[in-house]
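What follows is a short report on a single structure.
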Amino acid sequence: TFRHPAVHAKMAVTLSDMSKRNGRPRFTLGLGTGWLVEEHTLFGIPFPARGSRFEMLEEQLAYLSALKRREGFEGNYYRLQEFDQHPSFEVPLLVGGSGANKTPDLAGRYCDEYNLFPKPYDDLEKRIRRCHRAAEKAGRDPQGIKLSFVATPIAGVDQPTYRRVLEAAAVEYDREPGTLEERLTARGTPFGTPDRIKDRFLELEALGISRLYLQAGTTDLDELETRIRPYLEASRSN
């Protein structure tokens, strides 16, 4: 909702070039429908109805996919003429969310990566199957779509550290520690000590998920390291 896809493309190409390490780009462009109505109100940006936002998102993905193929695009919201690009748009596209239908469809049809939000194992499996079916219908290779998962880091390298982090998180979420653990378990979020996290990693890996994003609501670097280290240890031992 904030930017035209041409602006997304120009910014993404620049960031991709800036992020190179050993000659390899590391930037991925993630797009969504937009959701924070208060921010739109503050800046005076129109906030269309949910259905319209999904239509805009799909057209943005189609526009950027056409740009990758050096083709033109004609939609209701956006139009693109075929032209000789320098530099070319080769940035991977990502879509993620908790939706059961539209999000996996868009990921399968247009994206290089599908980011799944915490859900029970069976629900994740259904979403992945839907993504793969959409890819096949679009003539794409389903196995070429990277699968990733997002989680809040509630963990510790040992049980005492984990309990401290859990209790702090329970206050943050206004829940009892036991209730928060039940919710994390139901949503399939990796949490606890490295051994417990490793077991969940193996379950996610069995679904084809190969990347984990951690959302940490802190700017304290020492606390951030405390929360993230258990995931690194679990990953190294896997």
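Each value in this text was obtained by applying a stated rule to the coordinates, not by laboratory testing. No experiment lies behind these values; they were computed from the predicted model shown. Because the Cβ atoms are built from the backbone with ideal geometry, glycine has one as well, and the counts that use them run over all protein chains shown.
Observations on the structure shown:
- Dipole in debye (nearest 20) - the stretch 9-88, about Cα centre, beta carbon charges: Lys, Arg +1; Asp, Glu -1: 500
- Label-to-label distance, nm, for residues given as residue 186 and residue 84 (7 Å Cα→Cβ offset): 6.0
- For the stretch 121-137, Karplus couplings with θ = phi - 60° (6.51, -1.76, 1.60), whole Hz, Gly/Pro x: 3, 4, 5, 4, 4, 4, 5, 5, 4, 5, 4, 5, 5, 5, 5, 4, 5
- MRE, 222 nm, helices only [DSSP H, n ≥ 4, -39500 (n - 2.57), over the chain, to nearest 500]: -16000 deg cm²/dmol
- Unit charges on C-beta of K, R, D, E only; dipole of the stretch 93-238, Debye: 740
- In the list (1) 19.1; (2) 19.7; (3) 17.9, the label attached to Kirkwood radius over Cα pairs in Å as derived from the coordinates here is (2).
- Inter-site label distance for residue 175 and residue 40 at 7 Å from Cα along Cβ, in nm: 2.9
- Estimated dipole of the stretch 54-114 in Debye, rounded to 20 [Cβ of Lys and Arg +1, of Asp and Glu -1, Cα centre]: 60
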